[in-house]
Amino acid sequence: MKKSSFWACALWMTAALHLSTAAEPVSTTEAGREKFIAEFRRIGLNTAPGDAKLLQILVQSSRARRGVEVGAATGYGAIHMGIGFERNNGKLITIDIDPAMVRATRENLKKVGLDNTVSVVEGDALKVLASLDGEFDFVFIDALKRDYLKYLKAIEPKLKAGAVVVADNVIQSERQMRDYLDYVRTSPLYDSTTVRASMDKNDGMEISFKK
């Protein structure tokens, strides 16, 4: 092979490798993020759009600075909350036991430039919650329904006064989380109410305020 042909081939291979490994453009602008969210390929485990927007509003309005999400799925809810925490100069930790979900969530957060605001932890939420240090002022629970009360009890000693705790799917899965709902609705530690933010979905979220 002639030298000129060799170097031409080498340059072509280098360019091809660069193109194949280059990261996708990051949508960090407000318009870019809105477009990404609008085109997001949601799956059944993702939070409903109206609920996700309400989560963002709750994070922002409560001025939450340190939050935790139990059940990341592919990151649709984490993106909304992440925007709120970014505006509050705060941080969110989202937990999922499924490695594929963890990878998808990390990729989606990176695409919208929220990977420095939201940390994704792979593992059993009950074990992860027990290992977390510090205090929290926002919690979103959307994982195994029968374990909702266990998740809350694992993080409860670390909740600041004024913390907001949100539980998803409390209408459709009421029977599976009866103990959780009875607890937050009757405990002197909380003010609690059910909210339906997505009219196209026969479900709702329980929003609890830690006194």
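Readers should treat all values here as calculations from the given coordinates under stated rules, not as data from a laboratory. A quick note: this is a predicted structure, and the numbers were derived from the prediction, not measured. Virtual Cβ from ideal backbone geometry, glycine too; neighbours counted across all protein chains shown.
Can you run down the residue pairs with Cβ atoms below 9 Å, 6 or more apart or on separate chains, where the first is in the range 38-49 and at negative phi and the partner is loosely packed, with under 10 Cβ neighbours inside 10 Å and not polar (S, T, N, Q)?
Listed by first residue and then by second, the contacts come to Ala48/Asp200; Pro49/Asp200.
If you go through the range 90-114 one residue at a time, how many are within 19 Å of Gly32 (Cβ to Cβ), more than 13 Å from the chain's Cα centre (by Cα) and of a type in the set (Val, Ile, Thr)?
1
Kindly check whether there is at least one residue in the range 77-87 that is over 10 Å from the mean Cα position of the chain (by Cα), surrounded by fewer than 20 Cβ atoms within 10 Å (Cβ to Cβ), under 27 Å from Asp147 (Cα atoms) and small (Gly, Ala, Ser).
No; the residues of the range 77-87 include none that is over 10 Å from the mean Cα position of the chain (by Cα), surrounded by fewer than 20 Cβ atoms within 10 Å (Cβ to Cβ), under 27 Å from Asp147 (Cα atoms) and small (Gly, Ala, Ser).
Taking the condition charged (D, E, K, R) and touching a residue at least 40 places away in the same chain (Cβ under 8 Å), does Asp168 pass?
Values: charged (D, E, K, R): yes; touching a residue at least 40 places away in the same chain (Cβ under 8 Å): yes.
So Asp168 passes the test.
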